[in-house]
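Structure first, then comments.
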Amino acid sequence: MIFPETYHSEAKKYLAGGVNSPVRSFSSVGGAPPFIERAAGKYLTTRDGQTLLDFCLSWGPLILGHAPAPVLAAAQAAMERGTTYGIPTQGETDLARLVCDCVPSIDRVRFVNSGTEATMSALRLARAFTGREKLIKFDGCYHGHSDVFLVNAGSGVSHLPSASSSGVPADSIRHTISVPYNDPAAVQAAIRQWGDSVAAVIVEPVAGNMGLVPPEKGFLEQLRDLCDRHGILLIFDEVITGFRLGLGGAQAFFGVTPDLTTLGKIIGGGFPVGAFGGRADVMALLAPDGPVYQAGTLSGNPVAMAAGKATIEWLKEHQEVYPKMAALVERFAVGISAKTAMTVNRAGGMFTIFATNQPVRSAADARRQDVGRFQRQYHEWLEAGIYMPPSMFETAFISTCHTEKDLAALMDATRPW
Ligand code: PLP
């Protein structure tokens, strides 16, 4: 399936790069991206009337598929009462109560408009709480696009960090230490070296931005233990995994409780929402109660709150969907690995088919994929009417609308290694 270059060319005349987020541009896979006219359930419809079976699902928010009736109804009803007030509403308290009830680490929460805002605010809070400045993160994890997180130090902890984007001042990343994922010894070494000046360790408890890489047994527990022993706050970035691996996210799934949690995607029900929350004593530092400033004109937007609430309430009432989605993905992963010999990492309703037959447990492993092969496979998926995330460093998602038949179609369209 080749999408017309005309739409993208026109977009490029007015929009920087023709897109509002780079990975949508198809620069990683070649060709022009589809332009979407509408979507329902698991299907996208392009401007040219082509139908695509969607395994990208807007990069994770759409756990109920596109345009689910209860979420649309809640958002429409909210919209008719006004789109924003900049004054408190009951909807904010209602969604906050749901989040606090579901996510083990969250005593208090604050809503923002994106995952990027959530992580940068959580870090500011951790720095204020500990009175320290350094941050430990993991190579290949993505925490949004604020300066401080845009570091991939490569292997080993002793290398000086270098920015992953130009325009990031060296001073902004002076305190960022990036170590390999699934490598507790590297974290220990970093803590030995910088010890008392580390404010936070931030981690995707299941990494989704180097392709999907689950934590190895004991990895999250060791992070918790190291943080406890050194007075460091542990931040789980659950922007992807929150309400995706279960109502309690990865922290409930793995039984490891962080001090702070960042959320996004699903909690907005398809609208722009992020959140950060955690221990009451840490959250108490946030303005207006405390000295840590954070604010947002559209934060807690009533339409977005209504959509998030409708989504989470539906999930609460239908919790059986979580093991069902996980079982569907597990059967698919086992089958496709047998057919293709490719590495398929998975967790709950998420998976990545890596263009390698070697295990992938870190960003370095993920970078060893065969790029050409991935690109060819990507266009074969499109030919078969399947829309996968257009990059080999992403996770695919299923929704509650996807069935065994849909995963069989993906399997049929995937070539053996
Ligand atoms: N954290 C994680 C784990 C993410 O996957 C993302 C985005 O994909 C973000 C943070 C940033 O969220 P946003 O794109 O809403 O700013």
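Nothing in this text is a laboratory measurement; each read-out follows from the coordinates by a stated rule. Keep in mind that this is a model prediction, so the values were computed, not measured. With ideal geometry, Cβ positions are generated from the backbone for all residues, glycine too; neighbour counts draw on all protein chains shown.
Annotations
- A cut-off under 14 angstrom between Cβ atoms defines the neighbours of Thr257, and their net charge, with Lys, Arg +1 and Asp, Glu -1, is -4.
- Distance violations [Cα-Cα > 22 Å] among Lys42/Lys339; Lys339/Lys405; Lys42/Lys405: Lys42/Lys339
- Region 192-351 has equivalent-ellipsoid semi-axes of 29, 24, 12 Å, by the square roots of 5 times the alpha carbon gyration tensor eigenvalues, sorted largest first.
- Our compactness index for the chain, the C-alpha radius of gyration over the empirical 2.2 N^0.38 Å, is 0.96.
- Take the Cα radius of gyration of region 216-280 and divide it by 2.2 N^0.38 Å, N being the number of residues; the result is 1.15.
- Pairs of Cα atoms nearer than 8 Å and 6+ residues apart set the relative contact order; for region 100-150 it is 33 percent.
- Taking other C-beta atoms within 10 angstrom as a stand-in for reagent exposure, Phe354, Phe393 fall in the order Phe393, Phe354, fewest first.
- Each residue of region 173-186 was assigned a 3J(HN,Hα) from its phi angle through the Karplus expression (A = 6.51, B = -1.76, C = 1.60, θ = phi - 60°), giving 10, 4, 9, 9, 10, 10, 10, x, 5, 6, 9, x, 4, 5 Hz with x at Gly and Pro.
- Anchor Lys265: aspartates and glutamates whose Cα lies under 17 Å away (excluding residues fewer than 8 positions away in-chain): Asp54, Glu92, Glu117, Glu204, Asp237, Glu238, Glu313, Glu394
- The mean of 1/r over all distinct Cα pairs in region 1-160, once inverted, gives the Kirkwood hydrodynamic radius of 19.9 Å.
- Enclosing the Cα atoms of region 289-417 in their convex hull gives a volume equal to 182 cubic angstrom per residue.
- Considering region 322-387, its Cα convex hull presents a mean projected area of 4.8 nm².
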